[in-house]
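Presented below is the structure to which this report refers.
The values are calculated or read from the model by the stated rules, or taken from the named source; none is laboratory data. Everything numeric in this text was worked out from a predicted model, so none of it was measured. Note: ideal-geometry Cβ built from the backbone for every residue, glycine included; neighbour counts use all protein chains shown.
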Amino acid sequence: MSIRFDKEQRVFCLTTNNSEYQIGINEIGILKHLYYGAPVGQSNMNYLDSSSDRALSGNPYDNRVKRDMSHDTLPQEYTTNNVGDYRIGSIQLQSENGSFSCDLRYSRHSIKKGKYTLQKLPYVRGKNGNLAKDEDVDTLEIVLEDPVIKLEVKLCYGVFESKDVITRTAIIKNAGEMSICLNKASSMAIDFPYADFDLIHFQGKHCNERQFEREAINHDIITVSSKRGMSSHHNNPFVILADRTATENTGEVFGFMMMYSGNHKFEIEKDSLDSIRLVAGINDTNFNWNLGAGEEFTAPEMILAFSDAGLNGLSNIYHDIIRENVIDAKYYDVKRPVLINNWEATYFDFDDDKIKKLIDKSSQLKIDMFVLDDGWFGERNNDDAGLGDWFVNENKLKGGIKEIADFANSKGMRFGLWFEPEMINENSDLFREHPDWALKDPGRNPMISRNQLVLDMSRTDVQDYLFESISKILDSANIQYVKWDFNRSVANVYSSVTGYEDQGKISHKFILGTYSLLSRLLDRFPDLMIEGCAGGGGRFDAGMLFYCPQIWTSDNTDPIARLSIQEGTSYGYPACAMGAHVSASPNHQTGRITSFKTRGIVAQSGTFGYELDVTKIDNDDEIRAQIEAFHKYDKLMHHGNYYRLKNECNKDFFTAWSFVAKDRSEALVNLVVKNKEANQKIPFVKLIGLDADKEYRLEETGEKFSGQALMNGGFAFSNYFIRNGYFENIYPSMQAHFIGED
Ligand code: DGJ
């Protein structure tokens, strides 16, 4: 059992192979956060008590004689409101009697084998379905209560012993008669009284998602959030607290990832005593949730991880848990299809003839799947019209989707189709028939973005329409894959079928509606694979990964821009989740010219594919070789460990990353030079994660090196690599495959 309760000292110990998390119940029932970090043996960490009598930090009434205990200074597990803690609160509410206060005390707990699940929300799976691999996971549930307003907060902890992961969430219940309005309902809080951290987060914009940013935490509140109705291009729901001295390969780092695709908020505060608090959950902007008697609210799940092996160590923990317990197990051992998508080849300008030519050529190149992107439905000839009308545009595709899918199948290819289910154009039959299905404030014109409005996904009639119209198309042909897009930020959140008092639920109910639609479609079409997308990587989060094994990482397909996008994404998410394609050069987003090889090396570090008009280029042999290489390295890249060897922050002239097999039997090093200069330096890296005692043969040259030498002495991309085309293009790339000798 990875969870132990010391009855005498009232301490919970949550123990994984390489981390320890401890919670204490103090003498008046306040739930204290005692410790999170490296293993501490059997020690109870309540000896690290930081209590002291501090002026202006008042005391709970039931402990008023002992002036050293204050909500304001205690490290806690879920923080209160309006009862004397002036730091970030986890919960904000107003009870029917007008009071804002919430004071939570321990009521009871239970410890059980297995993992708790959540209703209507994605969660980290405890048992990995098809893999039939029993996970060492245990659940701790602690119920806190406010006896005055009869509010119960159940804190759930899932402890994945061998994965070094702890999941957390909070289920808030109105156990009384009075109605309670929640204005903030976080998933978790945690306090680090003795830490000195930097905050690492992943900011960005459309075409430049998840850029690594590291900043010192000073005496202030830093917020990393989205209120765009999606997890967003702008701030990924994943942050890292890193010891100031921590690097890629050394030091203590803590990850906090939210499994949610909508509005989120991470708040990080350093208080006047230098204690650092992190509170995370659904964004409280435009949020309020009326809890009637007996009703519950479930906050999204958080995935916590600790590593004392720096950021690479932390990333590999997240990669494993996402691959094995978030993404549906049926994808674990299955090769992802190499696909070709027609978007950058044709945009909206296609017909059956053009598409068939693309399919024909792709099949000769041994590409596995053809994906027909935006423009096949309704009056969709540009981005002005058609969203919502999920029936085929027969002016473009005379034989319908079936004929195209059959054609692809006849050429030995699978077929996939694009949808953007949650959106509607004003110029669509759907809008003409159901104008009230779009989110729109009464008496106010809505914000328009890409000429489209957002459907009210909180409505079951909208969900039913989408389920039926999408199912009809999926039934009409052999469609094995759907690309699920979402191309604008949400605004004017207002549902015309919801009363005044429940409008604050709509943003969250929107996401629940999307999750429900995804679940229904996957139940109805169990073999369907859905790739997530939101104008590129606007919904790249663990919530979507629960339903979609891969997500289109960015609308920017330029390999040089992709270096930092994919690298930023790699801090939390594995390569098998990142959609990456070889596209045309000059690149359509940046105009940059790069070699086919460099485009291939970058795209191969994701779920590989093409996004260009293969009928107009003569790189056939290269394409065949790239696909062969992708198949060769598929297992290594999608199941192995991943290491950033020379990251973007180094501002060096090249970026390098590697994949190392779990059994350390082989390693693949990838390298792209970003700044070429005359009289160029030789790129040099130190490998990570090899077997020090093993001998490795470099496949390209036959040379042999010891694992210890490659890790401590390093490897220079000289001679062979330079002779083989190093100077041939502006952004040279190289790949070195090391095979362990027995
Ligand atoms: C945005 C996506 O990210 C693109 O790949 C493409 O599908 C377009 N939408 C289509 O509108």
Worksheet entry | Residue count for the stretch 351-372, restricted to those that are within 16 Å of the ligand (Cβ to nearest atom) and either surrounded by fewer than 19 Cβ atoms within 10 Å (Cβ to Cβ) or under 22 Å from CYS576 (Cβ atoms) (or both) | 3
Worksheet item: Just a yes or no: is a residue in the stretch 426-442 within 16 Å of the ligand (Cβ to nearest atom), buried (at least 21 other Cβ atoms within 10 Å of the Cβ) and not assigned by TED's automatic domain parsing to the domain that holds GLY375?
Response: yes
Fill in: Residue within the stretch 532-546 that is within 16 Å of the ligand (Cβ to nearest atom), farther than 23 Å from THR590 by Cβ and in contact with a helix residue (DSSP H, G or I) (Cβ under 7 Å, 6 or more places away or on another chain) present
yes
Worksheet entry | Odd one out for ASP456 among (1) surrounded by fewer than 20 Cβ atoms within 10 Å (Cβ to Cβ); (2) more than 16 Å from the ligand (Cβ to nearest atom) | (1)
Worksheet item: How do the pairs read when you match residues in the stretch 539-554 that are under 14 Å from ARG210 (Cα atoms) and modelled with pLDDT of 95 or more with residues anywhere that are within 11 Å of the ligand (Cβ to nearest atom) and of a type in the set (Ser, Thr, Tyr), using Cβ under 9 Å and keeping only pairs 6 or more apart or on different chains?
Response: PHE540/THR553; PHE540/SER554
Item to complete: Sort out which residues of the stretch 595-627 are surrounded by fewer than 15 Cβ atoms within 10 Å (Cβ to Cβ) and in contact (Cβ under 8 Å) with a residue 40 or more places away in the chain, and write them in order of number.
Response: THR615, ASP620, ARG624
Discussion item. If the requirement is being in contact (Cβ under 8 Å) with a residue 12 or more places away in the chain, assigned to a strand (DSSP E or B) and surrounded by 24 or more Cβ atoms within 10 Å (Cβ to Cβ), which of these qualifies: ILE222, ILE240?
Written reply: ILE240
Fill in: Any pair with Cβ under 7 angstrom, 6 or more apart, that starts in the stretch 403-421 at a residue that is within 16 Å of the ligand (Cβ to nearest atom) and ends at one that is among the basic types (Lys, Arg)
GLY416/LYS483; TRP418/LYS483
Worksheet item: Quick one: is ASP502 away from the ligand (no atom under 16 Å from the Cβ) and either at pLDDT 95 or above or polar (S, T, N, Q) (or both)?
Response: yes
Item to complete: Name, by its number, the condition in (1) over 15 Å from ASN670 (Cα atoms); (2) part of a helix (DSSP H, G or I) that does not hold for ARG599.
Response: (1)
Discussion item. Here's a check for you: in the stretch 467-496, which residue that is out of contact with any Ser or Thr (no Cβ under 7 Å at 6 or more places or on another chain) and of a type in the set (A, V, I, L, M) is farthest from SER554 (Cα to Cα)?
Written reply: ALA477
Worksheet item: Does the stretch 332-348 hold any residues that are away from the ligand (no atom under 13 Å from the Cβ) and either over 24 Å from the mean Cα position of the chain (by Cα) or surrounded by fewer than 18 Cβ atoms within 10 Å (Cβ to Cβ) (or both), and which are they?
Response: ASP333, VAL334, LYS335
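Conditions tested, residue by residue: (1) touching a residue at least 40 places away in the same chain (Cβ under 8 Å); (2) closer than 25 Å to ALA280 by Cα; (3) in the same structural domain as ILE317 (by TED's automatic domain parsing); (4) in contact with a strand residue (DSSP E or B) (Cβ under 9 Å, 6 or more places away or on another chain).
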position	(1), (2), (3), (4)
TYR21	yes, yes, yes, yes
GLY29	yes, yes, yes, yes
HIS33	yes, yes, yes, yes
PRO39	no, yes, yes, yes
MET45	no, yes, yes, yes
SER50	yes, yes, yes, no
ARG67	no, no, yes, no
ILE88	yes, yes, yes, yes
Discussion item. Name the single residue that is nearest to the ligand (Cβ to nearest atom) among those in the stretch 547-568 being of a type in the set (Val, Ile, Thr) and out of contact with any Phe, Trp or Tyr (no Cβ under 8 Å at 6 or more places or on another chain).
Written reply: THR557
Worksheet item: Does ASP374 satisfy the condition of being in a loop (DSSP other than H, G, I, E, B), touching a residue at least 12 places away in the same chain (Cβ under 8 Å) and assigned by TED's automatic domain parsing to the domain that holds THR607?
Response: yes
Practice prompt. Could you identify the single residue in LYS133, LYS115 that is modelled with pLDDT under 95, exposed (fewer than 15 other Cβ atoms within 10 Å of the Cβ) and not small (Gly, Ala, Ser)?
Written response: LYS133
Practice prompt. Tell me, yes or no, whether the stretch 638-654 has at least one residue that is part of a loop (DSSP other than H, G, I, E, B) and either in contact with a Phe, Trp or Tyr (Cβ under 6 Å, 6 or more places away or on another chain) or modelled with pLDDT of 95 or more (or both).
Written response: yes
Worksheet entry | Qualifying positions in the stretch 381-402 - within 16 Å of the ligand (Cβ to nearest atom) and in contact with a Phe, Trp or Tyr (Cβ under 7 Å, 6 or more places away or on another chain) | ASN381, ASN382, GLY386, GLY388, ASP389, TRP390, ASN393, LYS396
Response to the item:
Flagged in the stretch 404-439 as charged (D, E, K, R) and touching a Leu at 6+ places or on another chain (Cβ under 7 Å), in numbering order, are GLU420, GLU422, GLU426
Discussion item. For the stretch 681-697, give me each residue that is without any contact (Cβ under 8 Å) to a residue 40 or more places away in the chain and either touching a strand residue (DSSP E or B) at 6+ places or on another chain (Cβ under 8 Å) or buried (at least 18 other Cβ atoms within 10 Å of the Cβ) (or both).
Written reply: PHE684, ALA692, ASP693
Worksheet item: Looking at the stretch 630-676, which of its residues are hydrophobic (A, V, I, L, M, F, W, C), touching a residue at least 60 places away in the same chain (Cβ under 8 Å) and over 15 Å from LEU690 (Cβ atoms)?
Response: PHE630, MET637, CYS649, LEU671, VAL672, VAL673
Worksheet item: Taking the stretch 380-392 as the region of interest, how many residues are crowded, with 18+ Cβ neighbours inside 10 Å and part of a loop (DSSP other than H, G, I, E, B)?
Response: 6
Worksheet item: When both residues are 6+ apart or on different chains and their Cβ atoms are under 6 Å apart, which pairs have a first residue that lies in the stretch 4-15 and is under 14 Å from PHE160 (Cα atoms), and a second that is surrounded by fewer than 18 Cβ atoms within 10 Å (Cβ to Cβ)?
Response: CYS13/ARG4
